[in-house]
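See below for the structure under consideration.
The values are calculated or read from the model by the stated rules, or taken from the named source; none is laboratory data. In this text the structure is predicted, and so the values were computed from the model without any measurement. Every residue, glycine as well, gets a Cβ built from its backbone with ideal geometry; the counts of neighbours run over all protein chains shown. Surface accessibility is based on the protein's heavy atoms, side chains included, excluding ligands, DNA and RNA. Shrake-Rupley method; radii C 1.70, N 1.55, O 1.52, S 1.80 Å.
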Amino acid sequence: MKFLGLNDFQFKDQRVLLRLDLNAPIKDGAVTNDERLIRSLPTINHILNNEGKLIVISHLGRPKENGELQPDFSLSPVVKRLEQLLNRSINLITDINNIPSIQTGEMIILENVRFLEGEKSNDPELSKKLANIADIFVMDAFATSHREHSSTTGVIGFSEKACAGFLLEEEINALSKLTLKNKGGSLAVLGGAKISTKLDLINSLCDKMDTVILGGGIANTCLLAQGFPVGDSLVEESMLKEALELSKKSNVIIPRIVVTAKNQQKEGSIKHVDHVEEDESIFDIAPESFKEHQDIFDAAKTILWNGPMGLFEESAFSGGTVQVAKMIVSSKGFSVAGGGDTISAASKAGVLDKLDYVSTAGGAFLEFIEGRKLPSLEALQLKLVK
Ligand code: 3PG
């Protein structure tokens with residue numbers, strides 16, 4: 001996948017519209033995880049150091065798209081944190097129709113693009129308005145590249161010059177190592193609650209990777225489909241047919257030693273899934289279940305990790321996730337983690353900085369790995385052709 005990049009343009013005295021994904025968790029008016037902000041800094045610094053006039057746009061959460069500023073979704077906490085990280089003051093502009101003139105090397109941020117009517121429907125009028133703000137458009141919001149919105153996709157078509165930022169390129173380079181035919185030492189470890197939201201991803205990974213190990217609610221549904229007793233465990237009854245088909249694939253491993261309890265407050269007991277009682281739930285995969293596959297982790301050349309193996313937020317049920325995380329980072333294989341809860345799981349397991357690559361994306365990570373076309377990346381590629 002090839003795009004024009006930051007090094008293909010001169011930024012001196014140019015107005016640059018930079019789309020970032022600054023959709024960070026906020027509590028009590030403060031950003032609680034600034035990973036996406038930190039990972040956006042190289043592109044911001046490149047444009048500022050090259051004397052561009054920088055206008056940043058991003059969404060935050062899912063506000064009503066009604067043209068009105070909704071304080072709970074304001075980018076203000078993000079701006080505060082960015083001011084600290086960049087050690088400069090940044091103006092937050094609320095009116096897209098009244099953007100002040102910007103000095104060379106200066107940076108401003110526009111309020112949440114999802115306040116703007118037409119953003120999510122990729123309205124051509126809004127896309128055109130965004131494109132007209134600047135001389136160059138830079139797309140660096142990989143985590144939102146699966147959205148066909150005005151600020152991620154439409155704007156690219158209307159911009160005379162458009163290119164990818166450093167983070168977007170980095171994400172694609174790392175994730176592409178997993179999406180190529182990986183036969184010969186490739187492993188995917190997939191957890192999470194629902195099989196329905198990840199079925200296409202799992203099936204696509206079964207075709208691409210040598211081994212796929214399942215955990216979490218996904219594994220519970222497969223175990224039930226195979227006829228094991230799962231008691232009160234989290235399962236998706238409506239997905240039993242699909243789960244059974246998946247379980248039959250020769251390269252899919254569904255661990256059988258599990259951690260059960262009568263409720264989340266109780267200590268867990270380790271047992272074979274054959275012995276799960278009616279009033280118990282499976283809350284985790286037992287570490288032993290992974291240890292018996294040590295050889296697969298040792299031989300892995302590439303490892304993809306998505307989703308926790310159990311109820312990892314509770315210490316009594318985090319053992320499976322911690323074990324698998326440790327085995328992934330101990331392997332010599334190139335490890336990539338991303339999507340949904342994976343980052344918090346990796347952080348809880350203390351392996352976040354030991355993984356070879358951690359994606360900033362959730363949904364976009366899963367769609368990219370699955371091999372779907374991401375609208376924003378398609379639009380950027382078209383720019384290269386032109
Ligand atoms: C994300 O957090 O996955 C991205 O910021 C996209 O957000 P969205 O799912 O609200 O489009």
> Pairing the Cα long axis of helix 166-179 with the longest principal axis of the chain, what angle in degrees results, from 0 to 90 and rounded to the nearest 10?
Replying inline: 30
> Rg and Dmax of the stretch 83-217, Cα atoms, in Å?
Replying inline: 19.8, 56
> Among residues other than M239 whose Cβ falls under 13 Å from its Cβ, what is the net charge (Lys/Arg +1, Asp/Glu -1)?
Replying inline: -2
>> What distance in nm lies between label points placed 7 Å from Cα along the C-beta direction at N33 and Q265?
In response: 2.8
> Roughly what % antiparallel, to the nearest 5, for the DSSP beta bridges in the stretch 1-148?
Replying inline: 10
> Under a straight-distance cross-link criterion of Cα-Cα below 20 Å, which lysines are reachable from K80, leaving out those fewer than 8 residues away in the same chain?
Replying inline: K27, K53
> Heavy-atom accessible area per residue, the stretch 173-252, 1.4 Å probe: how many Å²?
Replying inline: 40
> Separation of the stretch 334-386 and the stretch 81-143 by C-alpha centroid, Å?
Replying inline: 23
> What percentage of the solvent-accessible surface of the chain, computed with a 1.4 Å probe over protein heavy atoms, is contributed by carbon and sulfur atoms?
Replying inline: 46
>> What's the ranking of 289-295, 91-97, 129-135 by average number of surrounding C-beta atoms within 10 Å, highest first?
In response: 129-135, 289-295, 91-97
>> Over 28 Å between Cα atoms: which of K198/K383; K262/K354; K198/K248 fall into that group?
In response: K198/K383; K262/K354
>> If I take R0 = 45 Å and measure r between the Cβ atoms of K80 and D274 in this structure, what FRET efficiency does the formula 1/(1 + (r/R0)^6) give, to the nearest 0.05?
In response: 0.25
> Using only Cα atoms, what Kirkwood radius does the chain have, in angstroms?
Replying inline: 22.2
> With Cβ to Cβ distances under 15 Å as the rule, what net charge do the other residues near K291 carry (K, R +1; D, E -1)?
Replying inline: -3
> Over the stretch 162-273, what is the percentage of antiparallel beta bridges among all DSSP beta bridges, to the nearest 5?
Replying inline: 40
> Do the sum for the chain: with -39,500 (n - 2.57) for every DSSP H run of n ≥ 4, divided by all residues, what is the mean residue ellipticity at 222 nm, to the nearest 500 deg cm²/dmol?
Replying inline: -9500 deg cm²/dmol
> For the stretch 1-133, what is the accessible area per residue in Å², given a 1.4 Å probe and the full set of protein chains?
Replying inline: 49
> Relative to the first principal axis of the alpha-carbon coordinates of the chain, what is the inclination of helix 199-208, with its axis defined by its Cα atoms, in degrees from 0 to 90 and to the nearest 10?
Replying inline: 80
> For the stretch 106-163, what class follows from the C-alpha gyration tensor (a ≥ b ≥ c being the square roots of its eigenvalues): rounded when a/c is under 1.5, otherwise prolate if a/b is larger than b/c, else oblate?
Replying inline: rounded
>> Give me the tail of P(r) for the stretch 1-141 as a percent: Cα-Cα pairs with distance above 25 Å.
In response: 24
>> To check you understand DSSP bridge types, tell me what percent of the beta bridges within the chain (both residues inside) are antiparallel, rounded to 5.
In response: 20
> For the stretch 1-71 and the stretch 299-327, what is the separation of their Cα centres, given in Å?
Replying inline: 31
> With a sphere of radius 10 Å drawn around the Cβ of L224, what net charge do the other residues whose Cβ falls strictly inside it have (Lys, Arg +1; Asp, Glu -1)?
Replying inline: -2
> In sequence order, what are the phi-derived ³J(HN,Hα) couplings for the stretch 42-56 according to the Karplus relation 6.51 cos²θ - 1.76 cosθ + 1.60 with θ = phi - 60°, rounded to whole Hz, with x for glycine and proline?
Replying inline: x, 5, 4, 5, 4, 5, 5, 5, 9, 6, x, 10, 9, 10, 9
